[in-house]
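In what follows, a structure is listed as structure tokens, so that the remarks can point back to it.
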Amino acid sequence: MKTTLTYSHPRTLNTLIRLFLLTAAVSLTACQTISDSNESTTDIQAEVINVAPQPAEILESQGDYRAAANQWLMLANKTSELKTEQRDDYRLRAVSALLQIPDTKQAIQILNSVSQQNTPRWQISSAQLQLALNKPTDTLNILFNLPTQGLNKNLLKQRLQLQADAYRRLGNYFEAVQQRVALDALLDDALSQDSNHSELWADLNQLSVAALSSIHAVTTPGHYRDWLELAILSKQAKQIGGTVQLDEWQRKHPLHPAVSRFLTTLKNIEQSTTATPTQIALLLPLQGRIAEPARAIRDGFLAAYYRNNTSQSNTSIKLYDANASNIETVYQQAITDGADFVVGPLEKDAVKQLNQKSNFTVPTLMLNASDENNVAHSRLYQFALLPEDEARQVAERIWLEGHSKGIIIYPESNWGERVGKAFQQHWQHLGGQLVDIQAYSLTSRDYAKPVREVLNIDDSKKRFQKLKRIIGGKLEFEARRRQDIDFIFLAAFPEQARQIRPQLKFYDASTVPVYATSHVYTGNVDRQRDRDMNGIIFSDMPWTINNPQIILKTTLSKLWQTRTEKLARFYAFGFDAYNVIPNLQRLQRYPFERYNGLTGSLRLDENLHIIRQLSWAKFRAGKPRLEPIVTETKLFQPDIRETDPPTPIESGFPKPGE
């Protein structure tokens with residue numbers, strides 16, 4: 001049975017919300033996959049015989065970095081008459097080519113074969129290697145100790161580029177922008193300048209108006225300050241529409257590097273919005289097991305609709321009851337009814353069915369993700385609140401904070417396995433080690449046993465009993481936890497986390513950092529019950545933990561109080577699902593653009609999946625407090641993690657019950 005409801009903007013409705021919304025958006029640049037190739041330097045040299053005699057530069061411009069590396073090595077080993085400096089230069093060029101693949105193992109071998117090490121050129125290559133290994137702190141350590149004097153223009157450009165990329169990965173966007181502003185003055189060709197401006201703008205886009213304004217106020221005049229001002233005006237222009245602010249900025253700064261070309265691109269971005277739909281079809285399961293979250297999504301969607309549309313708006317919304325059993329019929333019916341934009345479905349099986357369509361006549365924003373890697377369709381977008389995505393972001397945070405060895409504690413459930421496995425795979429991909437994984441039962445009220453087991457407390461007691469039998473007599477004993485970990489990843493909901501965290505403290509693990517996904521927090525402040533979770537660091541959407549959202553949340557709660565409290569994240573999901581529609585074209589055309597929503601800083605990847613960058617908080621005195629991306633004191637601390645990627649734990653990730 002199909003349920004269809006139509007929502008049109010009421011002419012007499014007072015404006016529901018006229019509020020200022022700030023979002024502190026953070027981001028980590030995605031990391032390249034490290035090759036598992038076991039070829040040695042000798043293997044590369046053996047291949048050189050069959051390489052066509054093309055200049056290595058041409059091969060690099062064609063993207064054939066493996067062949068380019070072979071060419072550079074061929075030149076390095078072609079004759080013994082080469083000077084040491086020239087031979088080293090060819091080998092370092094081969095290293096740079098290999099790191100574009102990236103093949104870090106061969107790059108390390110060749111880098112170690114260079115005769116004259118610790119030269120500026122060798123140090124630059126070493127910094128490139130550390131960044132390819134996803135160790136931005138080590139990259140900065142190397143470059144920080146590299147003297148600026150004596151560097152030629154090319155090396156100086158490479159240094160600034162590497163520093164900008166490293167700061168971005170650490171989340172220090174202000175410093176990344178400063179490096180790119182300095183780099184801009186050294187670039188000669190328009191293509192390089194345009195690329196640098198795009199990267200610079202991507203960093204600025206991660207920052208809120210409040211953050212930009214605070215730095216702008218204390219920055220001395222210059223190009224850096226002018227970029228900050230341009231970013232502030234651009235964000236304001238998005239709120240009110242038009243390019244008046246950008247035109248005024250251009251009149252004030254006619255000689256700024258951005259004026260020649262980038263400002264034109266920026267104005268095009270401001271005008272690049274998806275055509276406003278006249279009829280939006282919202283496809284949600286209004287009955288069944290996920291009907292309640294679906295209704296919260298609907299309410300958030302409608303709240304955004306009423307907030308953003310004026311009384312003269314011609315946009316209407318039709319709501320359809322859609323699930324896996326009727327999705328194809330309902331989808332076609334929505335098109336027949338005149339929908340020029342479809343939002344939904346929500347059920348994963350329904351998304352899977354719809355994803356198999358080869359032709360979409362209208363843009364469609366699905367509210368879940370398909371496991372199948374189908375070819376991206378220019379009109380098909382995916383937006384989802386996946387726990388696996390959160391687990392991967394937690395892994396990146398832990399890695400960037402300098403940790404290397406840890407344990408996973410997860411519930412025996414389908415959800416627990418999904419989250420735990422996603423964390424494990426991404427953590428080991430980054431190069432980290434897992435020394436143990438421990439499941440706990442959701443039906444048990446005793447969490448002491450799994451905590452003792454994963455911390456090796458029971459093993460400590462067994463060693464004591466054995467020693468007592470050997471020595472005899474009375475011995476003093478204090479159980480000791482394992483000492484080979486520097487973090488704990490806890491997959492848990494509030495009820496479990498409130499009990500597991502005290503057990504970790506009881507067994508002397510209070511100093512080990514504990515990380516979690518948003519699922520440990522209800523979304524509502526409860527100091528009395530949540531103080532047992534003090535110290536837990538977790539990711540979450542700005543809607544639940546960012547102070548600038550409080551006024552908006554309070555106002556919307558008056559409309560849908562029950563759902564905004566109990567199902568707050570789904571409500572925010574629906575709110576963003578509506579608001580992102582006019583921004584999809586901009587996000588699709590310009591990869592460096594972001595939309596700062598209630599669920600996070602949103603961007604589109606190459607498959608038109610909306611990627612959320614979350615905020616971070618730490619429980620203090622029972623209340624979540626916003627956390628920075630990285631502390632300044634960590635920027636130049638040595639990274640003591642092992643260089644070689646570790647071997648995954650032998651058992652892999654266990655299935656629930658094993």
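The values are calculated or read from the model by the stated rules, or taken from the named source; none is laboratory data. Note that the structure is predicted; figures quoted are calculated from it, not measured. All Cβ positions, even for glycine, are placed from backbone atoms using ideal geometry, and neighbour counts span all protein chains on display. All accessible areas refer to the heavy atoms of the entire protein, side chains included, with ligands and DNA or RNA removed. Shrake-Rupley method; radii C 1.70, N 1.55, O 1.52, S 1.80 Å.
Every condition in (1) more than 18 Å from Leu200 (Cβ to Cβ); (2) open to solvent by less than 40 Å² (accessible area, probe 1.4 Å); (3) small (Gly, Ala, Ser) is met by Ser115 except one, and the failing one is (2). Only one of the numbered conditions (1) among the polar types (S, T, N, Q); (2) free of Cβ contacts under 8 Å to residues at least 24 places away in the same chain; (3) open to solvent by 40 Å² or more (accessible area, probe 1.4 Å) is violated by Asn196, and that is (3).
Being at pLDDT below 95, part of a helix (DSSP H, G or I) and either out of contact with any strand residue (DSSP E or B) (no Cβ under 8 Å at 6 or more places or on another chain) or open to solvent by 20 Å² or more (accessible area, probe 1.4 Å) (or both) is a description that does not apply to Arg180.
Quick one: which of Asp64, Asp36 is at pLDDT below 90 and either in contact with a Pro (Cβ under 9 Å, 6 or more places away or on another chain) or within 29 Å of Leu430 (Cβ to Cβ) (or both)? First the steps, then the outcome.
On the way: Asp64 fails: at pLDDT below 90.
Exactly one of Asp64, Asp36 is at pLDDT below 90 and either in contact with a Pro (Cβ under 9 Å, 6 or more places away or on another chain) or within 29 Å of Leu430 (Cβ to Cβ) (or both), namely Asp36.
Looking at Ile335, Ile327, just one residue is under 34 Å from the mean Cα position of the chain (by Cα) and of a type in the set (Val, Ile, Thr), and that residue is Ile327. Note on the stretch 562-596: among residues that are open to solvent by less than 20 Å² (accessible area, probe 1.4 Å) and not in a helix (DSSP H, G or I), the one that is modelled with the highest pLDDT is Val580.
Against the list (1) under 30 Å from the mean Cα position of the chain (by Cα); (2) open to solvent by less than 10 Å² (accessible area, probe 1.4 Å); (3) farther than 30 Å from Ile537 by Cα; (4) in contact (Cβ under 8 Å) with a residue 40 or more places away in the chain, the condition Gly300 fails is (3). Of all residues in the stretch 439-461, one or more are at negative phi, in a strand (DSSP E or B), open to solvent by less than 30 Å² (accessible area, probe 1.4 Å) and at pLDDT 95 or above.
Is it the case, given these coordinates, that Glu417 is closer than 17 Å to Val520 by Cα and either aliphatic (A, V, I, L, M) or open to solvent by less than 40 Å² (accessible area, probe 1.4 Å) (or both)? Criteria met by Glu417.
Do we find a residue being small (Gly, Ala, Ser), surrounded by fewer than 17 Cβ atoms within 10 Å (Cβ to Cβ) and more than 22 Å from Ile581 (Cβ to Cβ) anywhere in the stretch 248-263?
First pass over the stretch 248-263, keeping only residues small (Gly, Ala, Ser): 258, 260.
If we keep only those that are surrounded by fewer than 17 Cβ atoms within 10 Å (Cβ to Cβ) too, we end up with 260.
Filter once more, so that each one left must be more than 22 Å from Ile581 (Cβ to Cβ): 260.
Yes, because at least one residue in the stretch 248-263 is small (Gly, Ala, Ser), surrounded by fewer than 17 Cβ atoms within 10 Å (Cβ to Cβ) and more than 22 Å from Ile581 (Cβ to Cβ).
Test Phe174 against the criterion of being open to solvent by 30 Å² or more (accessible area, probe 1.4 Å) and in contact (Cβ under 8 Å) with a residue 60 or more places away in the chain, and give yes or no. Steps first, answer last, please.
Working: open to solvent by 30 Å² or more (accessible area, probe 1.4 Å): yes; in contact (Cβ under 8 Å) with a residue 60 or more places away in the chain: no.
When the stated conditions are applied, Phe174 does not pass them.
Has the stretch 145-164 got any residue that is in contact (Cβ under 8 Å) with a residue 40 or more places away in the chain and either over 24 Å from Gln393 (Cβ atoms) or out of contact with any Phe, Trp or Tyr (no Cβ under 9 Å at 6 or more places or on another chain) (or both)? I'd like the intermediate steps shown before the answer.
If we filter the stretch 145-164 for residues that are in contact (Cβ under 8 Å) with a residue 40 or more places away in the chain, which is where we start, we get none.
The answer is no; no qualifying residue exists.
Taking the criterion of being surrounded by 19 or more Cβ atoms within 10 Å (Cβ to Cβ), modelled with pLDDT of 65 or more and closer than 30 Å to Ser378 by Cα, would at least one residue in the stretch 527-541 satisfy it? Checked the stretch 527-541: at least one residue is surrounded by 19 or more Cβ atoms within 10 Å (Cβ to Cβ), modelled with pLDDT of 65 or more and closer than 30 Å to Ser378 by Cα.
Yes/no matrix, rows are residues, columns are (1) more than 21 Å from Ala384 (Cα to Cα); (2) surrounded by 22 or more Cβ atoms within 10 Å (Cβ to Cβ):
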{"position": "Asn308", "(1), (2)": "yes, no"}
{"position": "Ala322", "(1), (2)": "no, yes"}
{"position": "Ser325", "(1), (2)": "no, no"}
{"position": "Glu328", "(1), (2)": "no, no"}
{"position": "Ala334", "(1), (2)": "yes, yes"}
{"position": "Asp340", "(1), (2)": "yes, no"}
{"position": "Leu346", "(1), (2)": "no, yes"}
{"position": "Asn359", "(1), (2)": "yes, no"}
{"position": "Ala369", "(1), (2)": "no, no"}
